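For reference, the structure is listed below as structure tokens.
Please treat every number below as a calculation from the coordinates, not as lab data. Please read all numbers here as calculations on a predicted model, not as lab measurements. Glycine also receives a Cβ, built like all others from the backbone with ideal geometry; neighbour counts cover every protein chain displayed.
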Amino acid sequence: MNRTDDLPQYFTRLLLGMLCLAAVAACSQPAVQAPAQDSAQAAIQAHALYSEPYRPQFHFSPPAMWMNDPNGMVYFEGEYHLFYQYYPEDMVWGPMHWGHAVSIDLVHWQHLPIALKPDELGYIFSGSAVVDRNDSSGFGVDGKPPLVAIFTYHDPERAEAGGKDHEYQGIAYSTDRGRTWTKYGGNPVLPNTQRLQDFRDPKVFWHGDTQRWVLALSATDHIQFWGSPDLKQWRHLSDFGQGWGAHDGVWECPDLVEMSVEGGTETRWVLIQNLNPGGLQGGSGTQYFVGDFDGVRFTLDDDFVRTLQQEGAVWLDAGRDNYAGVTWSGVPAEDGRTLFIGWMGNWDYAQKVPTHPWRSAMTVPRELVLTRTEASAYRVHSRPVDELKTLRASAHTIEPVTVEAGSEVTLLTDVPVMQSEWLLQFELPDSVSYDVGVELGNDLGERYRFGFDGHDGRLYSDRTASGDFSFSAEFPGVHRATRLSPDRRLSLHLFIDAASIEAFVDGGANVLTDTLFPTAAFTTLSVYANGAELRLLQGQAWALSSIWD
């Protein structure tokens, strides 16, 4: 791949002109610390200060260059670790590393040096990390448990030569709270003896009933489960997935987690499965399955089988831009939450979006909640984590208003729309022939709409007029999702950042995540009604502080 074709002229000049001064720049301690070993990035960071056009202000993004899948998320000694697929030499995908950041609150992030780099065994693809509390691996020091990461090696030379054994699993460990990592000398610990084209993205957890580690692994069109006593020796347990769910692309980034059903003592296992292409809205997407796991096999719940037979697949996010998401391991039992984050991108266009000198961001961290409806259907709701409330800089109350049919009403004018949070409660018309929702707009006439069509009972995210789409013909479109709640009360919880919107509907029963690139920032948020009047019952809005200040 070209290394510099996508870089703006100023950035190319910056690299050439400042490289020799990078050590000085690195020592200047900018507001957000760049990886210590990457002097070019330190220079870039000193120059940019997280203020570039489209730079997210409350979503995680790397200081510079390319990022995709989150991986290796683990909580240890008061810190949430976020590793991610990273290419430090260009703003498009390339030889993968593990970038690294930590947070004490899931909101503010400290950048750390690159954790894992490619070596003679290949690139470092996605994986997971765990706290080996009983030191089953033997990597611990002085009675302290190590962090152990398991990841996919991808050998590009074998792949180019047409080999089918070019992906296999390796491990690394840390005994200093994740600051430095040592690769295991016996890698690979799980060779690709089956010669599978896709054999990657290991997600590991400790299964208490069988007293062993269990690994969920992507195998092209299904999931394989493996077991190990020590994270080094692995034995195949079972397979799942062929014939279930969506299969129009490669299954990637699996995650199996046990969850309590909200409001009771019942538990079920949820298997999260990312897919590309073949997502609900085209390109990348994340589906899930609900069932039981006995330490060997995952079996679908009978009620969820009926759901799949009716719907074909069940999606975690109905938008275009939430992919490769998995959950944190090691979350304390007293916390009790299932915490999730995804890559806010889509492989259809992620390498072309108009951002510099970085590409990609993560979603806001979310809590996954397993619910059961009156019809005995299991659903996973997604809700923004409570820690995001610490970013609320100023609160505004929105008075009730009735929006007449065929009109729109602009809400608050003193809230910075592109760095804001909104809670809006509506009473929907009692007819069915209506189209209602919220619209973001700017002085250039560009607009984005998030609405609900009463005729077909579907939510939609419409970015067909939201900006300049010259970077990709696949970007504009209307993304629709069936609303799960039949209630006439519609609740919208919106997080709007410099280049994205995340809409949590009806307490997270539906979620749609879309990136946005208006030519100029949206400055107004209006409520519109077509076909019938719409009542806004109540609302609140907050300007949000930047996590990089």
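Taking trypsin sites (Lys or Arg not before Pro) as candidate sites, keep only those in a DSSP loop with at most 16 other Cβ atoms within 10 Å, then name the longest stretch of the chain containing none of them.
Answer from the scan: 353-487.
With only Lys, Arg, Asp and Glu charged, each at its Cβ (+1 for the first two, -1 for the last two), find how big the charge dipole of the stretch 113-162 is about the Cα centre; round to the nearest 20 debye.
Details: 4 positive and 8 negative charges, 49 e Å.
It works out to roughly 240 debye.
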- Task: Can you check what the Kirkwood hydrodynamic radius comes to for the stretch 446-491, Cα pairs only, in Å to one decimal?
- Result: 11.9
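Please label the shape of the stretch 58-149 as rounded, prolate or oblate, based on the square roots a ≥ b ≥ c of the eigenvalues of the alpha-carbon gyration tensor (a/c under 1.5 means rounded; beyond that, a/b larger than b/c means prolate, else oblate).
The shape class here is oblate.
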- With +1 at each Lys and Arg Cβ and -1 at each Asp and Glu Cβ, the charge dipole magnitude of the chain around its Cα centre, to the nearest 20 debye, comes out at 800
- Note on the structure: Taking the chain and counting helices only, DSSP H stretches of n ≥ 4 at -39,500 (n - 2.57) each over all residues, the nearest-500 ellipticity at 222 nm comes to -2000 deg cm²/dmol
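Over the stretch 383-486, calculate the relative contact order: mean separation of alpha carbon pairs under 8 Å at least 6 apart, over the residue count, as a percent.
15
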- Kindly list the residues of the stretch 497-512 that lie in the label zone of residue 464, defined by a backbone N under 20 Å from the point 7 Å along the Cα-to-C-beta vector. 501, 512
- Query: What are the lysines whose alpha-carbon lies under 24 Å from the alpha-carbon of residue 232, with same-chain residues fewer than 8 places away excluded?
  - Reply: 117, 144, 164, 183, 203
- Message: Please list, ordered by chain and number, the residues whose modelled amide H lies under 5 Å from the amide H of residue 86; skip anything fewer than 5 residues away on the same chain.
- Response: 68, 97, 99
- Could you tell me, in Å, what Rg and Dmax come out for the Cα atoms of the chain? 23.2, 71
- Task: First check a/c for the stretch 386-544, with a ≥ b ≥ c the square roots of the eigenvalues of its C-alpha gyration tensor; if it is under 1.5, answer rounded, and if not, answer prolate when a/b is larger than b/c or oblate otherwise.
- Result: rounded
- Message: Run the numbers for residue 389 and residue 157: contour at 0.36 nm per residue of separation, minus the present Cα-Cα distance, in nm.
- Response: 78.8 nm
- Message: Need the full-extension length gain, residue 267 to residue 121, defined as separation in residues times 0.36 nm minus the C-alpha distance. One decimal, nm.
- Response: 48.5 nm
- Hey, fewest Cβ within 10 Å first, where do 168, 349 land in order? 349, 168
- Note down the relative contact order for the chain as a percent, whole number, built from C-alpha pairs under 8 angstrom at least six residues apart. 13
- Query: Picking from 284, 256, 355, whose Cα lies most toward the positive end of the charge dipole for the stretch 50-372 (charges on Cβ: Lys, Arg +1; Asp, Glu -1)?
  - Reply: 355
- Modelled FRET efficiency - R0 41 Å, residue 444 with residue 144, Cβ distances, 0.05 increments: 0.10
- Task: May I ask you to list the residues of the stretch 514-528 whose amide nitrogen lies under 18 Å from a point 7 Å from Cα along the Cα→beta-carbon direction of residue 404?
- Result: 527-528
- Query: Roughly what would the spin-label model give for residue 52 and residue 537, points 7 Å off Cα along C-beta, in nm?
  - Reply: 4.4
